[in-house]
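Q: This structure is in structure tokens; I'll ask about it shortly.
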Amino acid sequence: MKIISWNVNGIRAVYRKDFLKWMRKINPDILCLQEIKAQKEQIPEELVKPKGYHAYFNFAERKGYSGVVIYTKKRPLKIEYKLGLKRFDQEGRILKLRYPDFTLINLYFPHGAHDKRNLAYKLKVYNYFINYLKKIQDKNIILTGDFNIAHEEIDLARPKDNKDNIMFTLKERRQIDRIIKLGFIDTFRKFNKKEGNYTWWPYRFNAKEKNLGWRLDYVFVSKTIISKVKKGFILNKVIFSDHCPIGIEI
């Protein structure tokens, strides 16, 4: 089974760049997208019901903002659209699909803002989500999406220049530590411990060409199923968005 996650920074924008052709070529069993930035009535019909997939959307109340979707070949047993935190849920940032053998959670965490005006909100979301994870009865969990945090110095090109900046403050990095302490494994780092592997690049300063990036997107799995994960990867040649897709084979 191939599970792919991608912050598309606008589903209509990537649609115009042959997104469906790319999707057919890579042929994921499950595709999780974040930051779709659209309402249902704005999305082309072939994105609402792509051939061979069931589609589950969680739209933000605010137009042109946030939102997530999961495309899956296999219909889940149950779908949930809310975390239980009002602002977060209004922004359409989560989808939880339950299958017989595992539970998949697609997430789009808040950025926090460059001036950190939303950092308190971001940390509140993480705290709420981690407490939510502690209460889940399911044993086999896959967490994927845009976490908007670079965990370690290896996860961004210029850690010393960014040590006090949003997405790399110590308070934010500790949230990833907390997830790992709950028993979740960073699947990419299980297979690749080298530097220079990023999932997001700023549009300015020719950052992509210079590989001045950050690893903000993750697939975490419970320790109970890590032995079933055969590969963790970053598809950094896909350039339809400022993020690139990531994934696992399980």
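The values are calculated or read from the model by the stated rules, or taken from the named source; none is laboratory data. Computed from a predicted structure; not experimentally measured. Positions of Cβ are generated from backbone atoms using ideal geometry, with glycine treated the same way; all protein chains shown enter the neighbour counts.
Q: Is it the case that some residue within the stretch 112-119 is buried (at least 16 other Cβ atoms within 10 Å of the Cβ) and over 20 Å from Asn9 (Cβ atoms)?
A: yes
Rundown of residues vs (1) touching a Lys or Arg at 6+ places or on another chain (Cβ under 8 Å); (2) under 24 Å from Ile248 (Cα atoms), yes/no style:
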site	(1), (2)
Leu97	yes, yes
Asp101	no, yes
Leu119	yes, no
Lys122	no, no
Pro159	no, no
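Q: Ok, one more. What single numbered condition from (1) in a loop (DSSP other than H, G, I, E, B); (2) over 18 Å from Lys134 (Cβ atoms); (3) within 19 Å of the chain's Cα centre (by Cα) fails to hold for Arg87?
A: (1)
Q: Let me ask another. Only one residue in Leu143, Leu104 is in a strand (DSSP E or B), in contact with a helix residue (DSSP H, G or I) (Cβ under 8 Å, 6 or more places away or on another chain) and at pLDDT 95 or above. Which one?
A: Checking each option against the conditions leaves just Leu143.
Q: Next question, about the same structure. All but one of (1) of a type in the set (Phe, Trp, Tyr); (2) crowded, with 20+ Cβ neighbours inside 10 Å; (3) within 18 Å of Thr144 (Cα to Cα) hold for Tyr81, so report the exception by its number.
A: Unmet for Tyr81, out of (1) of a type in the set (Phe, Trp, Tyr); (2) crowded, with 20+ Cβ neighbours inside 10 Å; (3) within 18 Å of Thr144 (Cα to Cα): (2).
Q: In addition: Among the strands (runs of 3 or more DSSP E) lying completely within the stretch 156-250, list those that include at least 3 residues that are buried (at least 20 other Cβ atoms within 10 Å of the Cβ).
A: Output list reads 217-222, 246-249.
Q: When residues of the stretch 54-83 are filtered for being without any contact (Cβ under 8 Å) to a residue 40 or more places away in the chain, farther than 14 Å from Asn106 by Cβ and touching a Phe, Trp or Tyr at 6+ places or on another chain (Cβ under 7 Å), how many remain?
A: Total satisfying the criteria: 1.
Q: What pairs come out if I take residues in the stretch 24-40 that are surrounded by fewer than 17 Cβ atoms within 10 Å (Cβ to Cβ) and pair them with residues that are outside any strand (DSSP E or B) and among the aliphatic types (A, V, I, L, M) whose C-beta lies under 7 Å away, six or more apart or interchain?
A: Pairs that qualify, where the first residue is surrounded by fewer than 17 Cβ atoms within 10 Å (Cβ to Cβ) and the partner is outside any strand (DSSP E or B) and among the aliphatic types (A, V, I, L, M), are Asp29/Met1; Lys40/Val48.
Q: Hydrophobic (A, V, I, L, M, F, W, C), within 19 Å of Asp146 (Cα to Cα), modelled with pLDDT of 95 or more and touching a strand residue (DSSP E or B) at 6+ places or on another chain (Cβ under 6 Å) - does that describe any residue in the stretch 36-47?
A: Yes, the stretch 36-47 contains at least one residue that is hydrophobic (A, V, I, L, M, F, W, C), within 19 Å of Asp146 (Cα to Cα), modelled with pLDDT of 95 or more and touching a strand residue (DSSP E or B) at 6+ places or on another chain (Cβ under 6 Å).
Q: Write out, first by first residue and then by second, each pair whose Cβ atoms fall under 9 Å of each other, whose residues are 6+ apart or on separate chains, and whose first residue, in the stretch 137-161, is of a type in the set (Gly, Ala, Ser) while the second is surrounded by fewer than 24 Cβ atoms within 10 Å (Cβ to Cβ) and in a helix (DSSP H, G or I).
A: Sorted first by the residue in the stretch 137-161, then by its partner, the pairs are Ala150/Asn162; Ala150/Glu172; Ala150/Arg173; Ala150/Ile176; Ala157/Ala207; Ala157/Lys210.
Q: Scan Phe240, Phe220, Phe205, Phe191 and give me the residue that is at positive phi and not charged (D, E, K, R).
A: Phe205 is the lone residue from the list that is at positive phi and not charged (D, E, K, R).
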